[in-house]
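Chemist: Have a look at this one.
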Amino acid sequence: MIRAAFVCLLIVSGIQTKELETSEYVTAVKGSAAALHCASSNKDLKLVLVEWEKTENRTKLVVFHVATNATTLHNERIKLGVNGHRSTITITGVQPADSGGYTCIFHTFPDGKIEGKVYLDVNGKKLTSNLATNIIASVVPVVIAIGILFLLLYFGHRNKRIHTPNQINVLLHNTSDANNQDTARRPSNTIPPNSDGEVPDTDYFSVALRTSL
């Protein structure tokens with residue numbers, strides 16, 4: 001009786017389906033590698049078997065036997081990793097045909113089968129090239145603006161250095177010409193010497209009067 005009840009318990013637990021924690025939605029570039037994850041948060045779970053398959057046609061991709069640590073691959077581009085209650089498959093050289101749903105299956109005791117689903121989306125375009133294009137498009141205008149500002153500052157400083165000495169020279173030249181003209185217009189107050197070569201004594205009033213005349 002007890003043995004029969006135990007067998008019934010195994011049958012009931014085997015048809016139970018619970019959800020695993022997965023990466024849910026994964027995007028990849030054509031030709032790159034895509035990693036799909038699934039895991040159980042129940043640390044007391046006794047894992048017996050791990051399977052990955054395509055959801056649409058239930059095609060098996062890889063099977064891992066925990067007791068023997070043996071892996072059976074059904075696709076050469078797939079690598080399997082199992083660490084505790086976490087499993088990862090890495091698909092190398094992904095193609096658009098690899099897009100679709102993937103199912104991770106944990107066979108456990110005594111909880112039975114636990115599943116989780118991941119969707120893979122393979123893009124035909126290279127995201128890296130688009131990223132590089134966006135970076136170039138945003139950086140180039142900034143570089144050009146900095147270059148224009150640098151040129152304006154450089155030529156403005158250069159013109160200031162060139163014109164300032166010329167202006168000073170013009171001002172000095174004009175000042176010198178004005179002094180020369182003023183000197184030329186200024187009358188001479190020199191009193192000629194007498195026949196003996198001596199300057200005659202003349203009072204200041206006489207000199208001033210002669211100068212005014």
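The values are calculated or read from the model by the stated rules, or taken from the named source; none is laboratory data. Just so it is clear, the structure is predicted and the values come from calculations on it, not from any experiment. Cβ: placed from backbone, ideal geometry, glycine included. Neighbour counts: every protein chain shown. Each accessible area value is taken on the protein alone, full model and side chains, heavy atoms only, with ligands, DNA and RNA left out. Shrake-Rupley method; radii C 1.70, N 1.55, O 1.52, S 1.80 Å.
Chemist: Considering region 82-93 alone, what residues qualify as being at pLDDT below 95 and either of a type in the set (G, A, S) or open to solvent by less than 30 Å² (accessible area, probe 1.4 Å) (or both)?
Modeler: Once the filter is applied, which keeps residues that are at pLDDT below 95 and either of a type in the set (G, A, S) or open to solvent by less than 30 Å² (accessible area, probe 1.4 Å) (or both), region 82-93 yields only G84.
Chemist: Here is a further query. Would you check if Y154 is under 19 Å from T22 (Cα atoms) and either at pLDDT below 95 or not in a helix (DSSP H, G or I) (or both)?
Modeler: no
Chemist: Please find, within region 94-135, the residue that is modelled with the highest pLDDT out of those that are exposed (fewer than 12 other Cβ atoms within 10 Å of the Cβ) and in a loop (DSSP other than H, G, I, E, B).
Modeler: This residue is G124.
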